[in-house]
Each structure stands twice: as structure tokens, then as C-alpha cells.
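Written below as C-alpha cells is the structure these notes are about.
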């Protein structure tokens, strides 16, 4: 694969080689201007793009076709018949993380489960494939850990390698009890919009979230459809999603060093510091205080 960057703005791109045929690219446009980048990528590579912040546009065929990727969404691209160079327009204040992995390397990870991955199944291996999806809270945690890496540089490769494989695992994680082929919920656009509204509500009121029944009433969807639909779209039940979201908000607030542990706990809905500390440790395996200390 030719990975030469043809056009790069200073400070926008960071690349890390994880393994042979496996790379992480971090695009971070914190400038007040839009930026454009071009990168050659061969046809034998799969691309996973994750927009953490802002918005990104991917241009193809000399600009005749484009795909927009907005905050908290992902895009998978694969075309074994044609090179798919990255011709990216990043809006100001945008973050993008990209995994590029060769089909040979990727297939070795799933060789026993090829029928589980749509474009690895028999009859599809020589066909182009792309799909977009919402970034789950668990994936958002990993993506932000990659973007905000602050550990010693000597362990960076090891850390990124672990996070890259974790991210792919989470991307293809599928709830055992969900059979999308038998459930028409996801094709009902109105219901999808209601579920997205439910997500917005619990995020906006994360310190004092509504009960599931209250949420069901507010969005105008039955309790069963709310629970089933939320899990289908976001990969987790409502309160599991909210817990992951709150912990990620807490982690960012702690990293900003603008608030102490008690203040952060209150902001994400914990009335006592002990309950917040226990929740944070459950999620990240360390206490808030130790996490802040590790940033030094």
C-alpha cells in the first residue's frame, strides 16, 4: 500500500503502524479553518473511519461523488476492484480516527467466523462494500483513549495495538438476542428518529435521567419498542449506554483539571463521591484520583 500523504496541514495527521498491514491514522483539525488531505490506499485494504467530533467529507472519483460523516458515526469502506484513496475535507474543530487493515490481515482475525462479517462471506469477497453506523459508547471510550493518549511514549505502540484490536472487536460485536433479519424495527424511520430522541434526552438529563416508562411516554413509543430498538441501534440497553456516556464525560472533565472529583461526580449525577468513585473504577479499573495522577 502506498501510504504517502500528498497534502497535509501541519499538526493534522499522526500515523502509527500497528502490525504488518495494519495502521491507525489520527486526523485532528483543531484550527478555525477547514482542511483537506489526500492519502493513497490500495484496493487490498479495508478502511474504518470514526468521526469523534465535527464533520468530515470523503470525496471519490475526482469529487463527482461524496460521503459525509458526522460526529459519533462511523464508515466502513472496501472495494477489492479499485483503489480508494482518502480525499478528505475536514471541517474546523473535527476529529477523525481511521483504521486501515489489509484484507489478508483482517481475514485472519475472522477466518472461523467469515459468515458473520457480510463482505467476507462466499460470493461477496470480490464485491465492493460500505456501511455507516453509530459509534457505540464503548467504542467512543476506546476512540477517545486513542485520541487523547498521554502515557509514556515507550509503550505507545503496545497501547495502540491493544486499542486497535479492541476497537475492531467492539465494531463487530453483535448482541446474541438480536435478530435483525426477523425484526423490522430498523427499517421504520419514524421509530429510529424516536430512539435517537430518547438518546438525546438521557444525555441532556444525565444527572437526573427519566425512568424508562417516562422516557417511553415522552418519545411516544411503547416500552418494549424503546428497549428493543435502543439496544439494536446503540448496542446497549438505555442505562448501560448512559453509564458509559457518563463515565466518558467524567473522564474528560477530570482530564481537563478544571474540576475536582466531587464536582465531576455531581455533574454526571452522583450525589456522593464514594458512589462516583466506585462507578469510575468499575468502568476504567482505576479511581478518578489515580487517573488524574496518571496524566502527569
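Filter the range 128-144 for residues that are out of contact with any strand residue (DSSP E or B) (no Cβ under 9 Å at 6 or more places or on another chain) and modelled with pLDDT under 85; which is nearest to residue 46 (Cα to Cα)?
Among residues in the range 128-144 that are out of contact with any strand residue (DSSP E or B) (no Cβ under 9 Å at 6 or more places or on another chain) and modelled with pLDDT under 85, the one nearest to residue 46 (Cα to Cα) is 136.
Would you mind finding the one in 269, 265 that is outside any helix (DSSP H, G or I) and either touching a helix residue (DSSP H, G or I) at 6+ places or on another chain (Cβ under 8 Å) or assigned by TED's automatic domain parsing to the domain that holds residue 152 (or both)? If you could, list the steps in order and put the result at the bottom.
On the way: 265 fails: outside any helix (DSSP H, G or I).
Among 269, 265, only 269 is outside any helix (DSSP H, G or I) and either touching a helix residue (DSSP H, G or I) at 6+ places or on another chain (Cβ under 8 Å) or assigned by TED's automatic domain parsing to the domain that holds residue 152 (or both).
Under 9 Å between Cβ atoms, at least 6 apart or on separate chains: pull out the pairs that start in the range 40-56 with a residue that is at positive phi and end on any residue that is part of a strand (DSSP E or B) and modelled with pLDDT of 90 or more.
Listed by first residue and then by second, the contacts come to 54/70; 54/90; 54/94; 54/95; 54/96.
Give me a count of the residues in the range 68-109 that are free of Cβ contacts under 8 Å to residues at least 24 places away in the same chain and either in a loop (DSSP other than H, G, I, E, B) or in contact with a strand residue (DSSP E or B) (Cβ under 9 Å, 6 or more places away or on another chain) (or both).
3
Looking at residue 213, is it over 20 Å from the mean Cα position of the chain (by Cα), modelled with pLDDT of 95 or more and exposed (fewer than 11 other Cβ atoms within 10 Å of the Cβ)?
So residue 213 passes the test.
Tell me, yes or no, whether the range 176-195 has at least one residue that is modelled with pLDDT of 85 or more and part of a helix (DSSP H, G or I).
Yes: the range 176-195 contains one or more residues that are modelled with pLDDT of 85 or more and part of a helix (DSSP H, G or I).
Scan the range 36-55 residue by residue and report those that are more than 20 Å from residue 167 (Cα to Cα), modelled with pLDDT of 90 or more and part of a strand (DSSP E or B).
Result: 55, single match.
The values are calculated or read from the model by the stated rules, or taken from the named source; none is laboratory data. Quick caveat, the model's predicted, so the values are computed rather than measured. We place every Cβ from the backbone using ideal geometry, glycine too, and count neighbours over all the protein chains shown.
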